[in-house]
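A short write-up of the structure that comes next.
The values are calculated or read from the model by the stated rules, or taken from the named source; none is laboratory data. Keep in mind that what you see is a predicted model, and the values were worked out from it rather than measured. As a convention, Cβ positions derive from the backbone with ideal geometry for all residues, glycine included, and neighbour counts pool all protein chains shown. SASA here: full protein model, heavy atoms, side chains in, ligands and nucleic acids out. Shrake-Rupley method; radii C 1.70, N 1.55, O 1.52, S 1.80 Å.
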Protein chains: 2
Amino acid sequence: MTASAPLTTLADPDTPFAVLDVSRSQRNAQRLAGRLHELGVALRPHVKTAKSLQVAALMHDGRPGPITVSTLAEAEAFADGGYTDITYAVGIAPHKLPRVVALLRRGITLQVLLDSPEQARAVTAAAGEAGVRIPALIEVDCDGHRGGVLVDDDALLTIGHELHEADCLEGILVHAGESYFAPTAAGQREAAAHERDIAVAAAQRLREKGMEVATVSVGSTPTAHAATDLTGVTEVRAGNYVFFDLVMAGLGVCGIDDLALSVAVTVIGHRPEHGWILTDGGWMAMSRDRGTANQAVDHGYGLVTDLTGTLIRGLVMTGASQEHGILTARDGHPLPDLPVGTRLRILPNHACATAAQHHGYQVIDSAEPPTTGTAPRITDVWQRIAGW
Amino acid sequence: MTASAPLTTLADPDTPFAVLDVSRSQRNAQRLAGRLHELGVALRPHVKTAKSLQVAALMHDGRPGPITVSTLAEAEAFADGGYTDITYAVGIAPHKLPRVVALLRRGITLQVLLDSPEQARAVTAAAGEAGVRIPALIEVDCDGHRGGVLVDDDALLTIGHELHEADCLEGILVHAGESYFAPTAAGQREAAAHERDIAVAAAQRLREKGMEVATVSVGSTPTAHAATDLTGVTEVRAGNYVFFDLVMAGLGVCGIDDLALSVAVTVIGHRPEHGWILTDGGWMAMSRDRGTANQAVDHGYGLVTDLTGTLIRGLVMTGASQEHGILTARDGHPLPDLPVGTRLRILPNHACATAAQHHGYQVIDSAEPPTTGTAPRITDVWQRIAGW
């Protein structure tokens, strides 16, 4: 904002809109960076949660560093933003290889992911045709949650050889999807150890056959925070941690006070006969994600704070239609008196899904004391990268 | 497309992307328009499902007509597109009234919605200050699903008087939210009759006190298709019907062959040990909506067709992460052989939520025979209106 721009606060933009508390994001970023520094392993943050160059800068201390992306649109936008070391961590569809080659030709080191001999052949063929090296990671499954070959499957070697012969073998990638369902610190430590063990074992299996494995990549937000020994691992991927959310708080990976993303909404009505406060933030603003539904405490579509971020205890967003939210009080809590026009903020279940419903973030800094009344000042507006 | 543009088909764009079958949308639009013509009542389609000027044109036979919107961003974009009679059907937050006044000053008849005396006072104050009439509809609740005053609540008269005195009273609006949970035709007919009865009774109550009620507005996709008598109603709102979806098919409002929206995805892997086919379409492409979870048949995140739209019987999208979909076979059905690179289409649970994950639609016409292999030709790309 220029010095002459009028002061805007969270009381100003029309609701609903996404709010990013930059000091919380910085704290979250520093926490994981510090941990991984102690463990002696590199961080390759996943930018799919925020999809923002400015948020990625927080994760890398202001300088472009290695990142993980979930779409080629992210890869292209981050390449435009000066990032040169990018892993596209979704199994490659062969028809997307021309965009991969185009990025490689721009000097971007773009790693692709695959878990089948067909994909490996498509990659080596495209590399041969284009005359470029396409660095490829083999996805190895550690817990049956998504893609990946099993570490003892001969397909690992078949794929490895196909890539190795064409000089496209970069390494191994493992993602502990099960860790999102491990509700105890011990369970998360176990998931982290298992993720590492499988990744290291897969790399070892390839190396024993004379193949060079430069990258051994693991990661998820829970395992990145739980790992105590990452010997043999070269890098950790995690993304959600820069925002955190109620699912992560439910797992104990963070506290509610660490949540950096929220959605500002306005009270538009009351149904006292049902115990409802109605807002103008429905699933279009929050997403349909109900990630805490299967946790010990179900937070509906989210918890409620006032505009400064102070939790309104016992108030939960329990219902959503497209542009309407329903807030109710948990058993034993009174329904607070929140007149029509009152602005609130909703803390989401799943930051990746909620952020995706918005085109950008109104940035505040909760470390800065409010300057007008109780509404935090908007210091900036950061755009998101959209599409595929 | 210009005559010299290369032919593109659903085999061309990088997946995932939204596909709109224009002949199905036309057929759906004509079906409801025909019904309402027979019932002698006007149609005010809700454009929140498609958020597209081109789709709205299908619903109005190519000419701008009355519409319903869910955001002021839609109202502004449709005003730019020549629409002059718009109902913003979310309870008005007072801070949004300056944008309402700006539209009214452009000559757009923008009706706002409210259900409290506070909102009514905010509207009449804004009208007085701006020197414009702000036409307001009073939301009346018929089944306890969202906002609205009860028809026998004195607040109805209080709000009516406040608006009437300031010449802002336009009418009554009722929405039968319960109809989305009425699994039988009889239940939907009953919901439609009840929606009408409540709307007409509310209008009557105001008229008995000498207030003029020009608009008696009802609607939802199920009740619009179930109503048999709309005496006393002046207009019907419905939106989802232009696309339909698995939830509506589950209610029997349409058949699977009527679904006009789908998402094109590509097979990126297999996990035969789990019975999974993996695709590059996750919840980012489909939304997190699991609307059929509470219906008689749960379709997971969606049903699967080939690229021409032919259903692959027994195949269901049962899992989703951000950019990964998991397809599995229902009991008794074999898992089809779909190699890496195969393109499919997913029919969504909830068209409003799935469409919102995309910036536009690749338009096809299933009434047109395919011209290259089996991939339908893309005849156009239609953009969506985003944000609030």
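Before moving on, here are some points about what is shown:
- Degrees, to the nearest 10: B:117-130 long Cα axis against longest axis of chain B: 80
- Charging the Cβ of each Asp and Glu at -1 and of each Lys and Arg at +1, and nothing else, the dipole of the protein assembly as shown about its Cα centre rounds to 860 debye.
- Within the listed set A:P334, A:P45, A:P183, the residue fluctuating most in the Gaussian network model of chain A (springs between alpha-carbon atoms under 10 angstrom) is A:P334.
- When the protein assembly as shown is reduced to its Cα atoms, the Kirkwood hydrodynamic radius in Å: 27.4
- Note that the stretch B:324-341 has calculated 3J(HN,Hα) couplings of 10, x, 10, 9, 9, 8, 5, 3, x, 9, x, 6, x, 8, 10, x, 3, x Hz, one per residue in order, obtained from phi through the Karplus relation 6.51 cos²θ - 1.76 cosθ + 1.60 (θ = phi - 60°); glycine and proline are x.
- Teacher prompt: A:A367 distances to equivalent labels in other copies, 7 Å Cα→Cβ, nm: 6.2
- Across the copies of the chain, B:A186 has label points (7 Å from Cα along Cα→Cβ) spaced 5.6 nm apart, shortest distance listed first.
- Sites B:T310 and B:D61, calculated FRET efficiency, Cβ-Cβ separation with R0 45 Å, nearest 0.05: 0.90
- Set of lysines with alpha-carbon distance to A:K96 below 25 Å, sequence-local pairs under 8 removed: A:K48, A:K51
- For chain A, modelled as a GNM whose springs connect Cα atoms under 10 angstrom apart, the maximal fluctuation among A:E273, A:E323, A:E170 occurs at A:E273.
- Gap separating the Cα centres of the stretch A:234-298 and the stretch A:333-388, nearest whole Å: 11
- Proportion of all alpha-carbon pairs of the stretch A:150-254 beyond 21 Å (%): 38
- Shape analysis of the stretch A:256-383 yields a ratio of the Cα radius of gyration to the Kirkwood radius, Rg/Rh, of 0.95.
- Nearest beta carbon of chain B to the B-to-A rotation axis, with distance in whole angstrom: B:R288, 2.
- Pairing chains B and A buries close to 4500 square angstrom of accessible surface in total, based on protein heavy atoms and a 1.4 angstrom probe.
- Translational diffusion coefficient (Stokes-Einstein; Kirkwood radius from C-alpha pairs) of the stretch A:84-238 at 37 °C, 0.692 mPa s, in µm²/s: 211
- Based on the Kirkwood approach, the hydrodynamic radius assigned to the stretch A:79-132 is 11.4 Å, with every pair of different Cα atoms included.
- Residues whose amide H comes within less than 5 Å of that of B:I364, counting only those at least five positions distant or on another chain, are B:L20, B:D21, B:V22, B:T379 (H built at 1.01 Å from N in the peptide plane).
- Tail fraction, Cα-Cα pairs, chain A, threshold 32 Å, whole percent: 38
- From phi via Karplus (6.51, -1.76, 1.60), per-residue ³J(HN,Hα) for the stretch B:234-250 in Hz, x at Gly/Pro: 9, 7, 10, 9, 7, x, 4, 4, 6, 10, 6, 6, 5, 5, 5, 5, x
- Charge context of B:T87, other residues only, Cβ under 12 angstrom, K/R +1, D/E -1: -2
- Taken per residue, the accessible surface of the stretch B:84-238 reaches 36 Å², heavy atoms only and a 1.4 Å probe.
- On a per residue basis, the convex hull of the C-alpha atoms belonging to the stretch A:321-371 measures out at 178 Å³.
- Two-decimal log10 I(q)/I(0) for the stretch A:1-111, as the Debye equation yields it once each C-alpha is a single scatterer, q = 0.14, 0.15 Å⁻¹: -0.70, -0.77
- Surface share of carbon and sulfur [accessible, 1.4 angstrom probe, percent] for the stretch A:201-281: 47
- For A:Q111, distant residues with modelled amide H under 5 Å away: A:I86, A:T87, A:Y88
- Residues with amide H under 5 Å from that of A:H270, placed H, sequence gap 5 or more: A:L278
- Positive-pole candidate from A:L72, A:Q188, A:S116, dipole of the stretch A:64-218, charges at beta carbon: A:L72
- Between the helical axis of A:154-165 and the longest alpha-carbon principal axis of chain A there is an angle of about 70 degrees.
- Other copies of A:G232: label-to-label distances in nm, shortest first, labels 7 Å along the beta-carbon direction: 7.5
- FRET efficiency, 1/(1 + (r/R0)^6) with R0 35 Å, evaluated for A:D337 and B:T184 via beta carbons: 0.25
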